[in-house]
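The values are calculated or read from the model by the stated rules, or taken from the named source; none is laboratory data. What you see is a predicted model, and the numbers here were worked out from it, not measured in a lab. Reconstructed Cβ throughout: ideal geometry from the backbone, glycine too, with neighbour counts over all protein chains shown.
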Amino acid sequence: MSLVRFAACLAIALHISTAWAFTFDDVAERAQLQARQPYRESSRSAPAQLQALSYDEYRDIRFRPDRALWRSDKLPFELMFFHLGKFQKNPVRIDEVTPQGTRHIPYRAADFDYGKNKLSPQSWGDLGFAGFRAHYPLNSGEYKDEVAVFLGASYFRALGAGQRYGLSARGLAIDTVGGQGEEFPAFIRFWAVKPTADATTLTIYALLDSQRATGAYQFDIHPGGETVMDVRARLFLREKVATLGIAPLTSMFFFGENQPHRTDFRPEVHDSDGLMVATGDGEWIWRPLLNPKQTLATSFGMRKLRGFGLMQRDREFHNYEDSEARYEMRPSAWVEPTGEWAPGRVELVQLSTPDETNDNIVAYWVPQELPAPLQPLDFTYRLHWQGMQQAQHPPGAWVTQTRAGRGFAELAEDEQQYIIDFTGPSLTALTPDAVVKAVVSAPANGQIMESNAYRLDATGAWRMTVRVKQLDRNQPTELRGFLQSGNDVLTETWSNILPPLLQR
């Protein structure tokens with residue numbers, strides 16, 4: 001082989017090696033460099049005629065499925081893109097990573113069907129995209145279902161088999177409570193790794209930016225009955241923040257069995273009905289969600305986190321009676337740290353909402369100590385999008401419903417009564433003569449007036465009843481309760497907040 005030919009072959013080999021070498025570290029390097037520069041808002045936005053579209057007019061713009069990325073290659077995954085418009089005004093750049101290198105995926109007007117809209121896309125140039133969705137044969141080998149979406153700020157969501165979209169996740173939350181107001185970081189660039197012909201995992205890299213933070217992310221998406229995302233992130237702060245929310249989840253709770261609606265025919269309306277937390281000390285906690293009249297922020301501090309999630313436990317159609325929304329099919333999202341997370345707290349923020357169109361529930365992990373500006377913060381976790389068959393539960397027993405209100409007997413004005421049902425293997429295994437007691441306390445602003453535990457003959461579940469006196473009706477009252485037999489704790493801890501009178 002001549003020296004010239006050898007050099008040419010070596011150059012090609014090095015080019016291929018370099019192309020294959022595009023990794024998370026390449027994105028992290030960009031995030032670190034960006035953190036050293038002042039934040040600059042995007043100078044690009046959707047053309048005025050797109051921003052002027054109504055909601056229905058914008059929805060009339062659809063990506064043409066036959067133009068999906070990787071469809072012509074007959075690969076198991078495909079990507080389709082969202083158009084800029086009324087609600088998504090700032091473009092994101094999307095690149096493809098292949099063995100030959102990375103390439104920019106340009107916007108082409110011909111890839112979209114504009115419906116009845118009268119627009120002039122020929123004048124827009126390479127407009128960019130609002131986001132994208134990934135497709136995979138999730139429910140059938142003959143059709144590629146939508147399995148994940150990245151759209152708007154740092155929001156993303158996913159589906160397992162047989163599920164319908166509900167709650168969302170975010171890359172990062174900043175100052176959701178505290179500080180000078182919430183800051184919404186955004187993914188400004190994505191890299192999609194072209195899958196192989198037999199791939200069962202899709203890898204997406206993302207670059208995050210905001211006024212006070214940058215970050216690099218890697219999402220390894222594993223579709224299935226439970227779709228799982230392995231998430232890796234490295235953050236850099238430009239300046240100090242009050243609250244840094246790691247692995248944030250966003251959901252909707254309008255009303256439920258613990259807070260029924262007086263005029264709506266539906267028994268419950270929510271994407272999630274509770275926050276579940278597993279501590280490193282082995283305690284499992286369940287906090288029923290609320291729709292308060294004013295913002296209500298609570299948290300659970302711990303040395304080590306085993307997991308947390310916003311869960312949808314009510315899984316029967318009769319829980320909702322909604323033939324369109326099908327809330328019983330909305331996924332739960334369970335965050336499982338896969339690396340060492342430092343001490344901190346799970347924070348739950350519940351906002352007031354007048355209807356079911358607004359996400360009013362946020363949960364995330366807050367590290368006790370934040371990195372200094374420009375110092376990296378690394379974390380990894382596994383995000384499970386679960387349905388009824390794969391739902392994460394405590395090993396013993398768990399809450400199936402929480403109801404509030406009086407029975408036959410009147411309650412005093414400063415009293416409230418709760419009815420809590422539990423089920424699970426630790427209760428099923430009890431002998432008929434087992435002695436079970438309710439262990440209930442009011443750590444803050446409450447006095448337990450009465451508590452009981454008994455088996456329900458009608459269902460086989462166990463019921464705990466609690467009557468509590470609120471000592472100061474202008475302050476929230478915290479309640480904790482679980483079932484115990486001898487020295488054995490049988491259930492997770494029911495942890496409930498009775499809001500101040502003005503917030504009910």
Failed criterion for A444 (all others in (1) within 32 Å of the chain's Cα centre (by Cα); (2) crowded, with 18+ Cβ neighbours inside 10 Å hold): (2)
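Kindly indicate whether any position in region 296-309 is of a type outside the set (G, A, S), in contact with a strand residue (DSSP E or B) (Cβ under 9 Å, 6 or more places away or on another chain) and farther than 26 Å from D378 by Cβ. I'd like the intermediate steps shown before the answer.
Our first condition is that a residue be of a type outside the set (G, A, S); within region 296-309, this holds for 296, 298, 300, 302-306, 308.
Of the ones still in play, those that are also in contact with a strand residue (DSSP E or B) (Cβ under 9 Å, 6 or more places away or on another chain) are 296, 298, 300, 302-306, 308.
Narrowing the set further to residues that are farther than 26 Å from D378 by Cβ leaves 296, 298.
Checking region 296-309: at least one residue is of a type outside the set (G, A, S), in contact with a strand residue (DSSP E or B) (Cβ under 9 Å, 6 or more places away or on another chain) and farther than 26 Å from D378 by Cβ.
Would you confirm whether any residue within region 440-458 is charged (D, E, K, R) and under 29 Å from S352 (Cα atoms)?
Checked region 440-458: no residue is charged (D, E, K, R) and under 29 Å from S352 (Cα atoms).
Would you point out which residue out of E347, E356, E369 is over 13 Å from the mean Cα position of the chain (by Cα), part of a loop (DSSP other than H, G, I, E, B), crowded, with 19+ Cβ neighbours inside 10 Å and not assigned by TED's automatic domain parsing to the domain that holds A429? Show your work before the answer.
Numbers: E347 fails: part of a loop (DSSP other than H, G, I, E, B); E369 fails: crowded, with 19+ Cβ neighbours inside 10 Å.
After applying the criteria, what remains is E356.
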Pairs, first assigned by TED's automatic domain parsing to the domain that holds Q470 in region 402-421, second of a type outside the set (A, V, I, L, M, F, W, C) and not in a strand (DSSP E or B), C-beta under 7 Å, six or more apart: T402/E257; T402/N258; R403/E257; R403/N258; A404/N258; D414/R473; Q417/G405; Q417/R406
Given (1) touching a residue at least 24 places away in the same chain (Cβ under 8 Å); (2) closer than 30 Å to P376 by Cβ, number of the condition V269 does not satisfy: (2)
Residues satisfying the stated conditions in region 279-310, i.e. more than 18 Å from T400 (Cβ to Cβ), in a strand (DSSP E or B) and not polar (S, T, N, Q): L296, A297, F300, G301, M302, L305, R306, G307, F308
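When the residues of region 313-344 are narrowed to those that are of a type outside the set (A, V, I, L, M, F, W, C) and outside any loop (DSSP other than H, G, I, E, B), which ends up nearest to T380 (Cα to Cα)?
Looking only at region 313-344, we keep the residues that are of a type outside the set (A, V, I, L, M, F, W, C), and these are 313-316, 318-324, 326-328, 330-332, 336-340, 343-344.
Add one more test, that the residue is outside any loop (DSSP other than H, G, I, E, B), and what stays is 318-319, 327-328, 332, 336-337, 344.
Details: H318: 38, N319: 35, Y327: 30, E328: 30, S332: 19, E336: 9, P337: 6, G344: 15 Å.
Checking each candidate, the answer is P337.
Results for (1) under 36 Å from the mean Cα position of the chain (by Cα); (2) surrounded by fewer than 16 Cβ atoms within 10 Å (Cβ to Cβ), shown as yes or no for each residue.
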{"position": "T402", "(1), (2)": "yes, no"}
{"position": "E410", "(1), (2)": "no, yes"}
{"position": "A429", "(1), (2)": "yes, yes"}
{"position": "V440", "(1), (2)": "yes, no"}
Qualifying positions in region 214-253 - among the small types (G, A, S) and modelled with pLDDT under 95: A242
Strands (runs of 3 or more DSSP E) enclosed by region 413-482 - at least 2 residues per element that are among the hydroxyl-bearing types (S, T, Y) and at negative phi: 415-423, 446-455
Yes/no for A148 being part of a strand (DSSP E or B) and over 22 Å from Q389 (Cβ atoms): no
Matching option when the condition is under 30 Å from V466 (Cβ atoms) and either in the same structural domain as R326 (by TED's automatic domain parsing) or modelled with pLDDT under 95 (or both), among G280, G171, G179: G280
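Is it fair to say L75 is in contact (Cβ under 8 Å) with a residue 40 or more places away in the chain and under 21 Å from A110 (Cα atoms)?
Values: in contact (Cβ under 8 Å) with a residue 40 or more places away in the chain: yes; under 21 Å from A110 (Cα atoms): no.
No: the conditions fail for L75.
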Scope region 89-109; condition over 16 Å from D126 (Cα atoms) and in a loop (DSSP other than H, G, I, E, B); matching residues: P99, Q100
Qualifying residue in region 122-137 (condition: part of a strand (DSSP E or B), more than 23 Å from R103 (Cβ to Cβ) and not β-branched (V, I, T)): yes
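Can you name the residue in region 4-44 that is part of a loop (DSSP other than H, G, I, E, B) and more than 27 Å from the chain's Cα centre (by Cα) and, of all such residues, is modelled with the lowest pLDDT? Break it down into steps so the answer makes sense when it comes.
First, pick out the residues of region 4-44 that are part of a loop (DSSP other than H, G, I, E, B): 21-23, 36-44.
Imposing the further condition that a residue be more than 27 Å from the chain's Cα centre (by Cα) reduces the set to 21-22, 36-38, 40, 43-44.
Details: A21: 68, F22: 92, R36: 97, Q37: 96, P38: 95, R40: 91, S43: 75, R44: 81.
The selected residue is A21.
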Scan of region 102-151 for residues that are touching a residue at least 40 places away in the same chain (Cβ under 8 Å), small (G, A, S), surrounded by fewer than 17 Cβ atoms within 10 Å (Cβ to Cβ) and within 18 Å of L79 (Cβ to Cβ), ordered by number: A110
In region 339-384, the residues that are among the hydroxyl-bearing types (S, T, Y) and farther than 24 Å from V241 by Cβ: S352, T353, T357
